[in-house]
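The values are calculated or read from the model by the stated rules, or taken from the named source; none is laboratory data. Since the structure is predicted, the reported quantities are computational estimates derived from the model, not experimental observations. Glycine also receives a Cβ, built like all others from the backbone with ideal geometry; neighbour counts cover every protein chain displayed. These accessible areas exclude ligands, DNA and RNA; they are computed on the full protein's heavy atoms, side chains included. Shrake-Rupley method; radii C 1.70, N 1.55, O 1.52, S 1.80 Å.
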Amino acid sequence: MTPAGWVALVLVSFLVEAVAGFGSMVVALTVGALFAPVDALLGVLVPVNLVLSLYLVGRGWRHVDWRFLWRRVVPLMTVGLAVGTALTAVVDARGLEPAFGGFVVAVALWQLKQALSTQATPAPLPEVGRVAGLLGAGVIHGVFATGGPLAVFVSARELRDKHAFRATLSALWVVMNALVVPRLVQRGATTGETLVRSASLLVPLAVGTLVGERLHAVLDERRFRVAVAGLLVVAGVVLVVGARSR
């Protein structure tokens, strides 16, 4: 990928996460994989994502629902992450992308329907659904470092305030990606050379974050829920189309 391609990829994809608290890795991985290997993308972009997530947590730490994060989300996603990491040793992640993308679209369309049909926040999932969703999110994050869609599906039903939603998800990505980085280092995807590339992308990251922060501030609660669901639809379609074109 050319230097201009990296800049455009980071600018657009991380702007998305600055608005919603998730989505940067889904967008960046699915679009970027048309031009570079998945491991190469993860090696460069996961450290950049960590910088953004740490920034958003620092900005919104008062809004983080720490109880929800540590008691209900992190334990289940960590178990799933271990399973997903093990899968990467025996399964080609690219072969799973169409199925993952199709599932993302299905989940997103259901969420979009809910967001458009009522102003009330949908009820939390039953316990079985929450556990299955977060375990699945962890598995997907272990494979793709993009477990956002399922985690969003669960969290959007329990975190009613958009600031709490974004800040809590950002804290979750700090934890999950901090666990992913050692695997990337061990496999040679993240090296001193790739970290130099990551550092060179901090300027477009800053620009995307600034624009995303402005958009986040002006979206009201209902429009925010619609935007989140719409973003998931787009991300899922991009993932399917990107996988089929490779």
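For the range 191-211, check the following and say yes or no: at least one residue is modelled with pLDDT under 90 and touching an Asp or Glu at 6+ places or on another chain (Cβ under 9 Å).
Scanning the range 191-211 turns up no residue that is modelled with pLDDT under 90 and touching an Asp or Glu at 6+ places or on another chain (Cβ under 9 Å).
May I ask you to verify whether Arg197 is open to solvent by 70 Å² or more (accessible area, probe 1.4 Å), touching a residue at least 24 places away in the same chain (Cβ under 8 Å), basic (Lys, Arg) and at negative phi?
In short, yes.
List every residue pair whose Cβ atoms lie under 6 Å apart, where the two residues are 6 or more positions apart in sequence or sit on different chains, the first residue falls within the range 30-49 and is without any contact (Cβ under 8 Å) to a residue 60 or more places away in the chain, and the second residue, located anywhere, is open to solvent by 10 Å² or more (accessible area, probe 1.4 Å) and part of a loop (DSSP other than H, G, I, E, B).
Phe35/Met1; Ala36/Met1
Which number in (1) farther than 15 Å from Ala227 by Cα; (2) surrounded by 24 or more Cβ atoms within 10 Å (Cβ to Cβ); (3) hydrophobic (A, V, I, L, M, F, W, C) marks the one condition that Val152 misses?
For Val152, the exception is condition (1).
Scan the range 95-114 and give yes if some residue there is part of a helix (DSSP H, G or I), modelled with pLDDT under 75 and of a type in the set (Asp, Glu), otherwise no.
For the range 95-114, residues part of a helix (DSSP H, G or I), modelled with pLDDT under 75 and of a type in the set (Asp, Glu): present.
Please tell me if Leu195 is under 22 Å from Val7 (Cβ atoms), over 19 Å from the mean Cα position of the chain (by Cα) and not β-branched (Val, Ile, Thr).
Yes.
Here is a check on your reading of the model: is Thr168 within 18 Å of Phe14 (Cβ to Cβ) and surrounded by 14 or more Cβ atoms within 10 Å (Cβ to Cβ)?
For Thr168, the condition - within 18 Å of Phe14 (Cβ to Cβ) and surrounded by 14 or more Cβ atoms within 10 Å (Cβ to Cβ) - is not met.
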